[in-house]
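In what follows, a structure is listed as structure tokens, so that the remarks can point back to it.
The values are calculated or read from the model by the stated rules, or taken from the named source; none is laboratory data. A quick note: this is a predicted structure, and the numbers were derived from the prediction, not measured. All Cβ positions, even for glycine, are placed from backbone atoms using ideal geometry, and neighbour counts span all protein chains on display.
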Amino acid sequence: MVPVLEAVPNFSEGRDLGWIKELVQVIAAEGPEVIDWTTDRDHHRSVVSYIGDPESVEAASIAAARFAIEGIDLRTHEGVHPRIGALDVLPFVPLHELTMDSAVESAWRVGSQLAEEEIPVFFYGEALRGRSPPRSDRSLASIRRGGFEALRGGFPEGREPDLPALQWRGRPHLTAGATCVGAREVMLAWNVFVEGASLDALQLIARGLRESGGGFEHLRAMALALPEAKRLQISMNLENPEATSPYDVFDAIEERVEAVGGRVIETEVIGMIPDPLVLPAAKDRFRLLNPGKSRLLSRRVSEYVSTRGISQTRV
């Protein structure tokens, strides 16, 4: 048996390439395989994907959190993407020979360690199962509403962390904020770039697309202006791409963008590419950026399992 757990942490640093490369090295030093990392100057955010056995993935996540705490000061951080922490989001995804319960256990072990490191922790997604009493009504959007700045004076009533850091007495860490730790299935994080339409028009489109606005189930969407890149995008998370077709979502975006006089230029997948996009037509239909085979999640997991299985057999 070769258990494979994935972690996909998001860090509030997207401009210092040297720091980001060092972060990737810190993660790899704990034993998991880093399969992808991306960075965005306008979002001022980087995302790293790595896989391995639960022990090495948990150790790497804690090491990465410590590195982020030491290296990121949210008091001087500005970016277009919502965030409340230096290590902002840390989801665990069971990929092979692991149940969701095991991913939840990893989330709570790591979350508990982060709280001991004086970082308040909010749980989300399936990790809310471990809460007493359990709850399922918390979303990332609700936790991050108003960003780090909305929490600096203290956590508003009803938005208290699941694991507070006692040193800060009801407030986030002075420079590193708080962290959202979750467990979830494979999702699709993607940005669709648009030209010829206004930001206001795209915000209305995003509002109508997302689940909370009566649109597609499992879809989170927001429209953003990227000042450095001088581009507009609809940034999305499709939390269950098996249940809600990315093709249907893309068709709806294209139709609505064209209706306001704009056009879709290209699509960027953040992190690994899930199976619902692994079709010959996907590259051209979505105008995908960097669609190489090395970014296919199922392929990388199969390669990892095959390599580890051979090693175990030889031992």
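Test VAL186 against the criterion of being part of a loop (DSSP other than H, G, I, E, B) and either in contact (Cβ under 8 Å) with a residue 60 or more places away in the chain or touching a helix residue (DSSP H, G or I) at 6+ places or on another chain (Cβ under 7 Å) (or both), and give yes or no.
When the stated conditions are applied, VAL186 passes them.
For GLU157, which of the numbered conditions (1) touching a residue at least 12 places away in the same chain (Cβ under 8 Å); (2) not in a helix (DSSP H, G or I) fails to hold?
Of everything listed in (1) touching a residue at least 12 places away in the same chain (Cβ under 8 Å); (2) not in a helix (DSSP H, G or I), GLU157 misses just condition (1).
Residues of the stretch 98-113 being within 12 Å of GLU58 (Cβ to Cβ) and within 18 Å of the chain's Cα centre (by Cα), which ones?
ALA103, SER106, ALA107, TRP108, VAL110, GLY111
Can you tell me which condition MET222 does not meet? The list is (1) surrounded by fewer than 22 Cβ atoms within 10 Å (Cβ to Cβ); (2) among the aliphatic types (A, V, I, L, M); (3) assigned by TED's automatic domain parsing to the domain that holds LEU87; (4) under 16 Å from the mean Cα position of the chain (by Cα), and all the others hold.
(3)
Applying the selection to the stretch 89-105, what residues are more than 15 Å from TYR124 (Cβ to Cβ) and in a strand (DSSP E or B)?
Residues satisfying the conditions are PRO94, LEU95, HIS96.
Scanning the stretch 262-292 for residues that are small (Gly, Ala, Ser) and touching a strand residue (DSSP E or B) at 6+ places or on another chain (Cβ under 8 Å), which turns out modelled with the highest pLDDT?
Looking at residues that are small (Gly, Ala, Ser) and touching a strand residue (DSSP E or B) at 6+ places or on another chain (Cβ under 8 Å), I get GLY262.
Report yes if some residue within the stretch 117-125 is within 19 Å of the chain's Cα centre (by Cα), part of a loop (DSSP other than H, G, I, E, B) and among the β-branched types (Val, Ile, Thr); otherwise report no. Steps first, answer last, please.
The initial filter retains those residues of the stretch 117-125 that are within 19 Å of the chain's Cα centre (by Cα), namely 119-125.
With part of a loop (DSSP other than H, G, I, E, B) added as a condition, the list becomes 119-120.
Next, only the ones that are among the β-branched types (Val, Ile, Thr) stay: 119.
The answer is yes, given that some residue of the stretch 117-125 is within 19 Å of the chain's Cα centre (by Cα), part of a loop (DSSP other than H, G, I, E, B) and among the β-branched types (Val, Ile, Thr).
Suppose we filter LEU226, LEU219, LEU238 for residues that are in contact with an Asp or Glu (Cβ under 7 Å, 6 or more places away or on another chain), modelled with pLDDT of 95 or more and closer than 20 Å to PRO274 by Cβ; which single one remains?
LEU219
Would you please name the residue that is surrounded by the fewest Cβ atoms within 10 Å (Cβ to Cβ), looking only at residues in the stretch 42-88 that are among the β-branched types (Val, Ile, Thr) and assigned to a helix (DSSP H, G or I)?
THR76
Please work out if ARG109 is free of Cβ contacts under 8 Å to residues at least 40 places away in the same chain, charged (D, E, K, R) and over 25 Å from TRP19 (Cβ atoms).
In short, no.
Does the stretch 24-41 hold any residues that are in contact with a strand residue (DSSP E or B) (Cβ under 7 Å, 6 or more places away or on another chain) and assigned to a helix (DSSP H, G or I), and which are they?
Once the filter is applied, which keeps residues that are in contact with a strand residue (DSSP E or B) (Cβ under 7 Å, 6 or more places away or on another chain) and assigned to a helix (DSSP H, G or I), the stretch 24-41 yields VAL24, ILE27, ALA28.
From the list ARG207, ARG295, ARG300, which residue is surrounded by 15 or more Cβ atoms within 10 Å (Cβ to Cβ), modelled with pLDDT of 90 or more and closer than 25 Å to HIS44 by Cα?
ARG207
Can ALA115 be described as under 25 Å from ARG220 (Cβ atoms) and of a type in the set (Gly, Ala, Ser)?
no
Return the only residue of PRO91, PRO54 being within 18 Å of ALA178 (Cβ to Cβ) and either under 16 Å from the mean Cα position of the chain (by Cα) or in the same structural domain as PHE155 (by TED's automatic domain parsing) (or both).
Answer to the selection: PRO91.
Starting from the stretch 44-58, take each residue that is closer than 18 Å to SER306 by Cα and list its partners that are of a type in the set (S, T, N, Q) and crowded, with 22+ Cβ neighbours inside 10 Å, counting only C-beta distances under 6 angstrom and pairs at least six apart or across chains.
Pairs that qualify, where the first residue is closer than 18 Å to SER306 by Cα and the partner is of a type in the set (S, T, N, Q) and crowded, with 22+ Cβ neighbours inside 10 Å, are PRO54/SER106.
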